[in-house]
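Step one of this worksheet: look at the structure below.
Since every read-out is calculated from the coordinates, none of them should be taken as a lab result. Keep in mind that what you see is a predicted model, and the values were worked out from it rather than measured. Cβ atoms come from the backbone with ideal geometry, glycine included; neighbour counts cover every protein chain shown.
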Amino acid sequence: MSDIVKQPKLPVARTWQRESFSLPATGAGLDRFPFSFRYGGEPSTALLPGWTAHREPPQTAEDITVETIVFSDPVTALECRCEVKTYTDCPAVEWVVYFKNTGQVDTSILSDILPLDDPFPLDAAAPCHVHHSRGGLTQQDDFEPLETPLTFRQGGSTLELSARTGKSSTLHLPFFNLELGQGGVIGTIGWSGGWKASFQRQRDGIRVRAGMERTHLVLHPAEEIRTPRILLLFWEGNRTRAHNMWRRLILKHHTPRPNGQLLQPPFCEGVWGARTEVSHLEKIRWLQENRIPTECYWIDAGWYGERPLTEAADGLSNAWMVQAGSWHPNPEGYPHGFAPIGEAARAAGLGSLLWVEPERAHGGTRLAQEHPEWLLGPTPCSAGGANYLVNLGIPEARRHITDLVSQLIAEGRFTCYRHDFNDLRVPELFAMADAPDRVGMAEIEHITGLYAFWDELLARHPGLIIDNCAGGGQRIDLETISRSVPLWRSDLQCWPFDPLLMQTQTQGLAPWVPLSAAVCEAPTAYAMRSALGTSIVTHWSGQVLEGGADLPLARIRDLMDEALALRKYFYGDFYPLLSFSLAADAWAAWQYDRPDLGEGMVVAFRRHESPFPQWEAMLEGLDSDANYELYSWDDKDTRHMSGIALMTEGFAVTISEKPGSALFTYKRADCRSLR
């Protein structure tokens, strides 16, 4: 992929980093660091000038420099440590703040911790917009991009964003783009629990504050906590190109690299887990015999517990929910465990995936009976009975869960581990656990325990891919995408399949999150192209072997081969060519460009109620002086156009069917063939 930066914005980021994190000659300037807290009731701006401060020697590796600044309270021995990361190839700054009690007694109350609390200068008359997105609440507008203007009138206006449910991407995605006149700052709150952010228009700029929703706690001797991670990228000029700088930053520095290679999520064939070994082996055999070009056999929920299997069970039944916590293969369905299924998948040239929901235990299951001391709750379960949260902040509980999941992975030699997290009133559970002087502590310990659990799994199983589900796209944040990929980005996909929603989810997520997967359940070009990405989830074998569907298998092979051939483009720059719309009478279109390859793709959709058969496409991000070959995958013809013509004059896209799609790839004329 291309270098991250083509815009001359590095000096601005470096200047901001120096001004925000440099230690002054005296303590008088210590109040300007871009984070804040209260300690013993006093604001950090008043406290830090009286604390000792030092900077540790920087550590540099490849394109990253890490500096650590340490503040110490000489009275109570509270230590505040800020680890700051800068990138030589990108105008970005990243940091995490840690607090540690280095004394012999409890600290005073530490509260209102905001790892981001800083003004961004802007003239009162200058325009300002905050670009952000909805989260994944299993609704039709999941990940819809939003834009909120902030004006300075009668004291200014304020925008407040949050997760609220205790999962990071439910109400809103934890990403934002603060547009300040001719430039701005893209940022994120890296935390997989509850968070909040506010953007307040002031006379001289925008005050941005972000952190956990609730913190009011003492630290015991030797105890240490961390805050959410903050990542800011500074930009100027074109906002879409700024988002592409962000995509490149995430791909290079915050995307998993199994076995040292940039993550390539697999195309997956999903199968419900409440099935027998015989049924799974039959489906794997069917995939192999019919040469379906998928890459991973997916065993979803329902494979565990003691209840008799119901072959008609699916995600809408509740048996899978009430057995969470009995994490052993159901003896009726899996008399030999997972080994035979894993072996069959490998023999068919497939990877394999296993679903587990280790953070939830239903009342009466094995984990709830054997280790009630590890559980927070109860809260009501939507399927009846009670749910409990398995507290990963307890080291013994985390070790048990890590060993359990690791053994399951090893038994089936699974290549993907699917981590779900459903049906828990998370803020309520954390509130139950927190004493009045420990508010926020249960969440901090659990979320950092989650990171430790995932990191240990990845260390034990090199090459493992983690699929981050969390009720379908409800934990998409910087920390999770650094370790995992959302292969099931909304539970809206559990209900009748709608290609339109695959389109809107892609367009909503792509500016923030480069890698995710959509679903295709219909063997049409319109449906498959609506799901295009680095990964696609299908359910062909179940439709045929359980539903009796007569599918056009040759057509499915062609469509999936097409999708696999296009996968490489989704690692490139993303350009929405039409505005986001949920309307059934609209068109949707976007472009993925790989400047490092000199090629890219364009896909357009005429939705089922659109009266318009034609649209003029004008591309972005091309080399104005280069000549390109533009290939239509539908008409099988090639035309030759200059880069400047493709960007300023464009070309006509005609789709006679509704719904219908059009697909094009392009290459610089000096590159190899288009396919």
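Values for this structure:
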quantity: Pairwise label distance in nanometres, ASP585 with HIS220, each label 7 Å out on the Cα-Cβ vector; calculated: 6.4 nm
quantity: Anisotropy class of the range 429-503 from Cα gyration tensor, a/c 1.5 cut; calculated: oblate
quantity: Inter-site label distance for ASP89 and ARG366 at 7 Å from Cα along Cβ, in nm; calculated: 4.5 nm
quantity: For MET432, MET321, order by how many other beta-carbon atoms lie within 10 Å, fewest first; calculated: MET432, MET321
quantity: Hull shadow area, averaged, the range 573-668 [alpha-carbon convex hull, nm²]; calculated: 5.6 nm²
quantity: Residues ARG475, ARG18, sorted so that the one with the fewest Cβ neighbours within 10 Å comes first; calculated: ARG18, ARG475
quantity: Cα gyration tensor of the chain - equivalent ellipsoid semi-axes, whole Å, descending; calculated: 40, 35, 21
quantity: Label zone at ARG567, where the point sits 7 Å out along the Cα-to-Cβ direction: the range 393-426 residues whose backbone N lies under 19 Å; calculated: 414-418
quantity: Sites THR379 and ALA339, calculated FRET efficiency, Cβ-Cβ separation with R0 25 Å, nearest 0.05; calculated: 0.10
quantity: ASP635-ASP141 FRET efficiency (beta carbon distance; Förster radius 35 Å; 0.05 resolution); calculated: 0.55
quantity: Rounded Å value of the spacing that divides the Cα centres of the range 393-436 and the range 615-666; calculated: 48 Å
quantity: Note, ³J(HN,Hα) from phi for the range 625-634, Karplus 6.51, -1.76, 1.60, rounded to Hz, x at Gly and Pro; calculated: 8, 8, 9, 10, 9, 10, 10, 8, 6, 8
quantity: Percentage relative contact order, the chain, counting C-alpha pairs under 8 Å, at least six apart; calculated: 11 percent
quantity: Amide proton proximity set for THR88, modelled H, under 5 Å, gap of 5+; calculated: ILE64, THR65
quantity: Estimated vicinal HN-Hα couplings, Hz - the range 244-257 in sequence order (Karplus 6.51, -1.76, 1.60; Gly, Pro = x); calculated: 6, 4, 4, 4, 5, 4, 5, 4, 7, 10, 9, 10, x, 10
quantity: Considering only the chain, percent of DSSP beta bridges that pair antiparallel, nearest 5; calculated: 85 percent
quantity: Separation between Cα centres of the range 561-593 and the range 455-479, rounded to whole Å; calculated: 25 Å
quantity: Qualifying lysines (Cα of each under 25 Å from Cα of LYS252; at least 8 residues distant if same chain); calculated: LYS6, LYS9, LYS85, LYS568, LYS667
quantity: In Hz, Karplus ³J(HN,Hα) per residue of the range 183-197 (6.51, -1.76, 1.60; θ = phi - 60°; x = Gly, Pro); calculated: x, x, 9, 8, x, 8, 9, x, 7, 9, x, x, 8, 9, 8
quantity: Distance-filtered residues of the range 588-617 - backbone nitrogen under 16 Å, label point 7 angstrom along THR654 Cα→Cβ; calculated: 606, 612-617
quantity: Normalised contact order of the range 217-354, rounded percent, pairs of Cα under 8 Å and 6 or more residues apart; calculated: 24 percent
quantity: Loop-exposed GluC sites (Glu not before Pro) per DSSP, neighbour cap 14 Cβ within 10 angstrom, longest uninterrupted part of the chain; calculated: 333-608
quantity: Modelled FRET efficiency - R0 22 Å, ARG413 with GLN261, Cβ distances, 0.05 increments; calculated: 0.70
quantity: For the range 478-634: relative contact order, % (alpha-carbon pairs under 8 angstrom, 6 or more apart); calculated: 17 percent
